[in-house]
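Encoded as structure tokens, the structure appears first; notes follow it.
The values are calculated or read from the model by the stated rules, or taken from the named source; none is laboratory data. On a predicted model such as this, the values are computed, not experimentally measured, just so you know. We place every Cβ from the backbone using ideal geometry, glycine too, and count neighbours over all the protein chains shown. Accessible surface is based on the protein model in full, side chains and every heavy atom, while ligands, DNA and RNA are left aside. Shrake-Rupley method; radii C 1.70, N 1.55, O 1.52, S 1.80 Å.
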Amino acid sequence: KRRYSMKRYLKFLFSIMIIVMITSCGSEKSTETEYLTAAYDQYNKGSYEEAVKNFKKLIDLYSNGKHAAKSMFMIGFINANHLKNYEEAKKYYTMFLEKYPTHELKNDAEFELKTLGKDINELPILSAIKAESTQTTTVTE
């Protein structure tokens, strides 16, 4: 009789362990750095939509985290330069500038907004470079 109760006890204990393992795996939350790493990995692979998902997840879970600002900027950048979704890019660049007005990427976000959707040949900086190269310089000996 004792063996039977021990066997039953072990089955019960094993069942509890399985339940705990299943429920703990599903509720595990990645860290901010893990989301950032996953986002950049996807970006570097050219999986831009997946990168955006990871950057958004980071912002949702860590809105005041140390990588939230850069993540918001990157969502705008990917939408503008890779996905060509200019409305979404404008939304995230604008949110970035409102929430982080003194961030080191402020000037980049402003430039991106000014040039959103423009062809590279339409950019003012390129026009200035072209103008300089067409001017002839005289060399005297």
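Against the numbered list (1) under 28 Å from T115 (Cβ atoms); (2) modelled with pLDDT under 95; (3) not basic (K, R), L36 comes up short only at (2). Counting only residues that are at pLDDT below 95, open to solvent by 80 Å² or more (accessible area, probe 1.4 Å) and not acidic (D, E), segment 85-126 holds 7 of them.
If you scan segment 60-72, which residues turn out to be open to solvent by 30 Å² or more (accessible area, probe 1.4 Å) and within 10 Å of the chain's Cα centre (by Cα)?
Pass one, segment 60-72, residues open to solvent by 30 Å² or more (accessible area, probe 1.4 Å): 60-64, 66-67, 70.
H67, K70 - these are the residues of segment 60-72 that are open to solvent by 30 Å² or more (accessible area, probe 1.4 Å) and within 10 Å of the chain's Cα centre (by Cα).
Starting from residues that are part of a helix (DSSP H, G or I) and at pLDDT 95 or above, keep the ones in segment 75-84 and report whichever is surrounded by the most Cβ atoms within 10 Å (Cβ to Cβ). If you could, list the steps in order and put the result at the bottom.
Let us first name the residues in segment 75-84 that are part of a helix (DSSP H, G or I), namely 75-81.
Next, only the ones that are at pLDDT 95 or above stay: 75-80.
Working: I75: 27, G76: 29, F77: 23, I78: 22, N79: 24, A80: 21.
The selected residue is G76.
Residues of segment 63-102 being of a type in the set (G, A, S) and within 14 Å of Y48 (Cα to Cα), which ones? Across segment 63-102, the qualifying residues are S71, G76, A80, A89.
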